[in-house]
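Heads up: the structure comes next, in structure tokens.
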Amino acid sequence: MLFPLDRNRLFKPPAQRIYDRENRLIRMHLSPDGYWRFPVKRDEIPEILKQAILCFEDRYFYFHLGINPIALIRAAWHNLSTHRLMGGSTITMQVARMMNRKPRTLQNKLAEIFTALQLEYHFKKSEILDIYLNLAPYGGNIEGVAAAAHFYFNKPLHALSISEIAILTIIPKNPNANRPDRANDLSSKRQRVIAALITSNVIKPDQARRALQEPIQGRRQHATFRAPHFSRSVAQDREGHAIIRTAFYLPLYEFTRQLLQTRVDQLRTYDVHNAAAVIIHNPSMTVRAYVGSQSFYDQQHGGQNDGARMIRSPGSALKPFVYARALDTGLITPKQKLFDLPFYIKHYEPKNFNDRFFGIVPADEALQGSLNIPAIALNLLLGDASLYELIQQAGILSVHRPKAYYGAGIAVGNVEISLLDLTRLYTAFANNGSLRPLVYDLSDSSKHTAIPLFSAEAAFLVSEILADGFRKEMSAYWESGADIPKVAFKTGTSSKNRDLLTIGYNKEFTVGVWLGNFNGRPTEELTGIDATSDVVFDIFRYLSQNNQFAWFQQPRGLTQTEICTDPIILDGGCRTMEMDWIIDGVDRIRPCKLLRAEVLAHLMESGLINTMDDLKFHPCYEQLVANAPKIVSPYDKEILTLDRYRDDVFQKIQLKCFSFQPDPTVYWFIDREKPLLSRSGDDLFVNLNPGNHQIACMDSSAKINRSQILITKE
């Protein structure tokens, strides 16, 4: 009671080991105090090893009470009469010394004896022997017989030979002198242990003969270090766990890493130096492969950075989520016509990747062609159910600013998200619209609630659209996936071609691949389809060798019927009826905001309507003509800069305004000058002096909109 036994010193913190789904060792991490310790249970320790330890270290272990007086007296007499030291410590006393590593003095020896008596009082003999085998020093920072078996023989305990058991028995006597990678005279010491085993009838003579003939391997294994980014991430998430069994698949990881290395080598002339990939098994949400960098040791290009967790722009890769929400709210059906036309949002004038506009396109083709304007327009119409809310609902921590900060550009990738989060988001399409947490540790039995992001019906329709080979201009890439099962995929390319992405998925797996540069340097005119799509196809080709893939089953809540897909329905009735899919119970809506000023101008230019009078009986007419004209250039509070070295006559300011009135005439008022006449949607160019200017556009019904601008000269 005065000097209680400190049990914490008997069970020291273990080293951490991470395994893949087939029990391959991925990586090891030192214990918090810097040792390799792999604790094992009694039934994991071979009986021959226990007998060898007893024969060599403490033959009377089961007969004494922690100390062996005869052995102590014999050791003391021997040490006084010769120059060679002999130890008289029992196994229990050695455990006591392992608890408190102190210099060997008489005082410390007495404390050792006292602690040994305490151990014998608190523990059974078999338990003390187990503690010894888990704490015994084996040279350097190796403690415990299991760690020694791994580092010296690269074997689990049950696979040790008698010769190897004999060597492990010798080491604790003088750990740094007897370790196999340093000792020169292990053969004679091994012979002593084997002789003791024969004498004790633990082994037979023929076993001893074979053991003595076995060569001694004089090396220490390096600590296992594979899948460094994945294992580091898992270790951080599961800190304190001695053994982590994951669903990771090392052969898939090695295949993917090498595939990325080959692709980077091919694209170095395009200034591509880094790559990353994530592969998720959708039904279990387990991470099967995770490549943070194709070359961990590439110091020149920051190979130790984790590209799977690095926050980058997703480009167009988030558009499918906008379409899924739009399907659920009735804004679109797959064949519903959308407008791909110029769109002016204050200072933001989005364009498509190729700077072209396609006019009126079906929703499915707009998504397949990754058109920007339809995605932006739909996302704005979604209001409080937009992409921003979906990302917040999904718990993507990198998107943490207010919605207004991202603005309309969120639909085309002006947020930052990691490849890991993006790939996980896509698993919702494979899991009926619900998002579940990733699983790293198979022993983690905690329950996690799925987050519904959109309906199973919307997930199915978007998957069908993304799996359809519509893009003729990309046929070469599409054909590269012709020999693999059906895969839905979406590419993404960020501003200045910095981030090149492809996410592909089917019912079983979701694969995300990124190429670019960790330092944010642009690549040379590459896109996601150029750089990463064939890598995704190659991964699915590899996966198909050992998996039977099936496509998604159609949900019950879908009905195929004939609907009107006109972009706008006029008095004459529907022009185009098509077979299309609708989600049961979802009412189709066509908000008046779809008919923005730019759209009305296009409808008149293309002859679909002659004037606004053609819309007199349209349900949106009264709302439209009540709108003030829309100034798209220059926008309010815009600052324009003139070149001081050029003649002002050649530096004109563009004026552009859209009217919602049947009469397309618009009137421009600049400061207090006489009005200028123009037409809705037409460009008007004027010369203005440096300084502040008030600009107003008035339509034929006398509705006015104003902009205040500043012109500077540099």
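From the list T115, T82, T105, T92, the lone residue that is of a type in the set (S, T, Y), modelled with pLDDT under 95 and closer than 23 Å to Q191 by Cβ is T82.
The condition of being assigned to a helix (DSSP H, G or I), more than 24 Å from A597 (Cβ to Cβ), in the same structural domain as A408 (by TED's automatic domain parsing) and of a type in the set (D, E) holds for only one of D306, D298, D328, that being D328.
Criterion applied to D355, D384, D364 was being surrounded by 19 or more Cβ atoms within 10 Å (Cβ to Cβ) and among the charged types (D, E, K, R), and the one residue passing it is D364.
Does at least one position in the range 161-179 carry a residue that is more than 18 Å from R210 (Cα to Cα), touching a residue at least 24 places away in the same chain (Cβ under 8 Å) and not in a helix (DSSP H, G or I)? Yes, some residue in the range 161-179 is more than 18 Å from R210 (Cα to Cα), touching a residue at least 24 places away in the same chain (Cβ under 8 Å) and not in a helix (DSSP H, G or I).
Taking I568 as the residue in question, decide whether it is surrounded by fewer than 17 Cβ atoms within 10 Å (Cβ to Cβ) and either of a type outside the set (D, E) or in contact with a strand residue (DSSP E or B) (Cβ under 9 Å, 6 or more places away or on another chain) (or both). It would help to see each step written out before you state the result.
Numbers: surrounded by fewer than 17 Cβ atoms within 10 Å (Cβ to Cβ): no; either of a type outside the set (D, E) or in contact with a strand residue (DSSP E or B) (Cβ under 9 Å, 6 or more places away or on another chain) (or both): yes.
No.
When L341 is tested against (1) without any contact (Cβ under 8 Å) to a residue 40 or more places away in the chain; (2) in contact with an Asp or Glu (Cβ under 7 Å, 6 or more places away or on another chain), only condition (1) is not met. Taking the listed residues L397, L371, the one that is more than 23 Å from T491 (Cβ to Cβ), free of Cβ contacts under 8 Å to residues at least 40 places away in the same chain, not assigned by TED's automatic domain parsing to the domain that holds C657 and not β-branched (V, I, T) is L397, with no other qualifying. For the range 379-421, the set of residues classified as part of a loop (DSSP other than H, G, I, E, B), touching a helix residue (DSSP H, G or I) at 6+ places or on another chain (Cβ under 7 Å) and not polar (S, T, N, Q) consists of L382, I396, V399, G413, V415, listed by residue number. Contact map, the range 631-646: residues that are among the β-branched types (V, I, T) paired with residues that are exposed (fewer than 13 other Cβ atoms within 10 Å of the Cβ), Cβ distance under 8 Å, separation 6+ or inter-chain. Pairs shown: V632/E349; I639/T712; T641/T712; T641/E714.
Within the range 376-388, residues that are assigned by TED's automatic domain parsing to the domain that holds A408 have Cβ atoms under 8 Å from residues that are surrounded by fewer than 20 Cβ atoms within 10 Å (Cβ to Cβ) and assigned to a loop (DSSP other than H, G, I, E, B) in these pairs: I376/P350; L381/P591, counting only partners at least 6 apart in sequence or on another chain.
Residue by residue, here is whether (1) aromatic (F, W, Y); (2) closer than 19 Å to M310 by Cβ holds:
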position	(1), (2)
K189	no, no
A223	no, no
Q236	no, yes
F248	yes, no
D271	no, yes
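The set of residues in the range 678-698 that are surrounded by 19 or more Cβ atoms within 10 Å (Cβ to Cβ), over 50 Å from the mean Cα position of the chain (by Cα) and of a type in the set (S, T, N, Q) contains only S678. For the range 613-630, the candidate set comprises residues that are free of Cβ contacts under 8 Å to residues at least 24 places away in the same chain and part of a helix (DSSP H, G or I); within that set, the residue that is surrounded by the fewest Cβ atoms within 10 Å (Cβ to Cβ) is E622. Taken over the range 675-699, the criterion of being out of contact with any helix residue (DSSP H, G or I) (no Cβ under 9 Å at 6 or more places or on another chain) and of a type in the set (S, T, N, Q) is satisfied by S678, N692, Q694. Answer yes or no as to whether P320 is over 17 Å from F460 (Cα atoms), of a type outside the set (F, W, Y) and either touching a residue at least 60 places away in the same chain (Cβ under 8 Å) or part of a loop (DSSP other than H, G, I, E, B) (or both). So P320 fails the test.
Please enumerate the residues belonging to the range 280-297 that are over 17 Å from E254 (Cβ atoms) and surrounded by fewer than 23 Cβ atoms within 10 Å (Cβ to Cβ).
Going residue by residue through the range 280-297, those that are over 17 Å from E254 (Cβ atoms) are 280-286.
Of everything in the range 280-297, those that are over 17 Å from E254 (Cβ atoms) and surrounded by fewer than 23 Cβ atoms within 10 Å (Cβ to Cβ) turn out to be H281, N282, P283, S284, M285, T286.
Inspection of the range 227-244 finds a residue satisfying the criterion of being in contact (Cβ under 8 Å) with a residue 24 or more places away in the chain, surrounded by 18 or more Cβ atoms within 10 Å (Cβ to Cβ) and among the polar types (S, T, N, Q).
Give the range 15-61 a look and list any residue that's of a type in the set (A, V, I, L, M, F, W, C) and over 19 Å from A159 (Cα atoms), or say none. First the steps, then the outcome.
To start, the set of residues in the range 15-61 that are of a type in the set (A, V, I, L, M, F, W, C) comprises 15, 18, 25-26, 28, 30, 36, 38, 40, 45, 48-49, 52-56, 61.
Of everything in the range 15-61, those that are of a type in the set (A, V, I, L, M, F, W, C) and over 19 Å from A159 (Cα atoms) turn out to be A15, I18, I26, M28, L30, W36, L54, C55, F56, F61.
Considering only residues that are of a type in the set (S, T, Y), over 17 Å from F63 (Cβ atoms) and outside any loop (DSSP other than H, G, I, E, B), which ones fall in the range 105-129? Of everything in the range 105-129, just one residue is of a type in the set (S, T, Y), over 17 Å from F63 (Cβ atoms) and outside any loop (DSSP other than H, G, I, E, B), namely T115. Within the range 136-145, the set of residues being surrounded by fewer than 23 Cβ atoms within 10 Å (Cβ to Cβ) and either of a type outside the set (G, A, S) or at pLDDT 95 or above (or both) comprises P137, N141. Just one residue in the set G469, G504 is among the small types (G, A, S) and modelled with pLDDT under 90; that residue is G469. Among the conditions (1) under 26 Å from L381 (Cα atoms); (2) surrounded by 17 or more Cβ atoms within 10 Å (Cβ to Cβ); (3) touching a Leu at 6+ places or on another chain (Cβ under 9 Å), W668 misses just one, which is (1).
When D636 is tested against (1) at pLDDT below 85; (2) closer than 18 Å to I345 by Cβ; (3) among the acidic types (D, E), just one condition goes unmet, and that condition is (1).
Being farther than 23 Å from E44 by Cβ and out of contact with any Phe, Trp or Tyr (no Cβ under 9 Å at 6 or more places or on another chain) narrows it down to one residue among R209, R192, R219, R226; which is it?
R209 is the lone residue from the list that is farther than 23 Å from E44 by Cβ and out of contact with any Phe, Trp or Tyr (no Cβ under 9 Å at 6 or more places or on another chain).
For S200, the requirement of being surrounded by fewer than 16 Cβ atoms within 10 Å (Cβ to Cβ), small (G, A, S) and either closer than 20 Å to R219 by Cβ or in the same structural domain as A52 (by TED's automatic domain parsing) (or both) is met. Restricting the range 571-612 to residues that are in a loop (DSSP other than H, G, I, E, B) and among the acidic types (D, E) leaves a set whose member that is nearest to the chain's Cα centre (by Cα) is D584.
The values are calculated or read from the model by the stated rules, or taken from the named source; none is laboratory data. Bear in mind that the values here come from a model prediction, so they are computed numbers and not experimental data. Quick reminder, even Gly has a Cβ in these numbers, built from the backbone with ideal geometry, and neighbours come from all protein chains shown.
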